[in-house]
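Shown next, in structure tokens, is the structure this report addresses.
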Amino acid sequence: MLTLKFFGLRDGDQDEVLATLTLNDDLTHEITGKAPDVIELDLNTVAADGSGFVSFSENPVLWARSIQTTIRGPYLYTKLEEDTFPEAATK
């Protein structure tokens, strides 16, 4: 199971969780939160393992581990909260 949280910046307060992506052991996924549209599953990202670009549909585990390289800024960022997949997990 993998849990990836998407945070938004609040003025003068603690950052808030806008949406959560949960990737289950069978690779089904669930998106929850008050702003689920911040999670763009069709967005390609640079793979953390150096293999090039990866899409969610190609390898959801690697995509979730890598998306923070694409989404990082002062107003939206991600944090991998839980990751119980084996290190070399593939679809």
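The values are calculated or read from the model by the stated rules, or taken from the named source; none is laboratory data. All figures in this text were calculated on a predicted structure; none of them were measured in a lab. Positions of Cβ are generated from backbone atoms using ideal geometry, with glycine treated the same way; all protein chains shown enter the neighbour counts. Surface accessibility is based on the protein's heavy atoms, side chains included, excluding ligands, DNA and RNA. Shrake-Rupley method; radii C 1.70, N 1.55, O 1.52, S 1.80 Å.
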Subset of segment 8-18 (residues that are in contact (Cβ under 8 Å) with a residue 24 or more places away in the chain and in a strand (DSSP E or B)): G8, L18
Residue that is of a type in the set (G, A, S) and surrounded by 12 or more Cβ atoms within 10 Å (Cβ to Cβ), where the choices are S66, S57, S51: S66
Hey, K5 out of contact with any Phe, Trp or Tyr (no Cβ under 7 Å at 6 or more places or on another chain) and assigned to a loop (DSSP other than H, G, I, E, B) or not: no
Verdict on K91 being open to solvent by 60 Å² or more (accessible area, probe 1.4 Å) and either modelled with pLDDT of 90 or more or under 14 Å from the mean Cα position of the chain (by Cα) (or both): no
Among residues of segment 47-60, those that are of a type in the set (A, V, I, L, M) and either in a loop (DSSP other than H, G, I, E, B) or at pLDDT below 95 (or both), counted: 2
Residues that are crowded, with 16+ Cβ neighbours inside 10 Å, of a type outside the set (V, I, T) and either more than 12 Å from the chain's Cα centre (by Cα) or part of a loop (DSSP other than H, G, I, E, B) (or both), drawn from segment 19-39: G33
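Can you confirm whether A64 is in contact with a strand residue (DSSP E or B) (Cβ under 9 Å, 6 or more places away or on another chain), at pLDDT 90 or above, small (G, A, S) and part of a strand (DSSP E or B)?
no
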Every residue from segment 1-18 that is open to solvent by 30 Å² or more (accessible area, probe 1.4 Å) and polar (S, T, N, Q): Q14
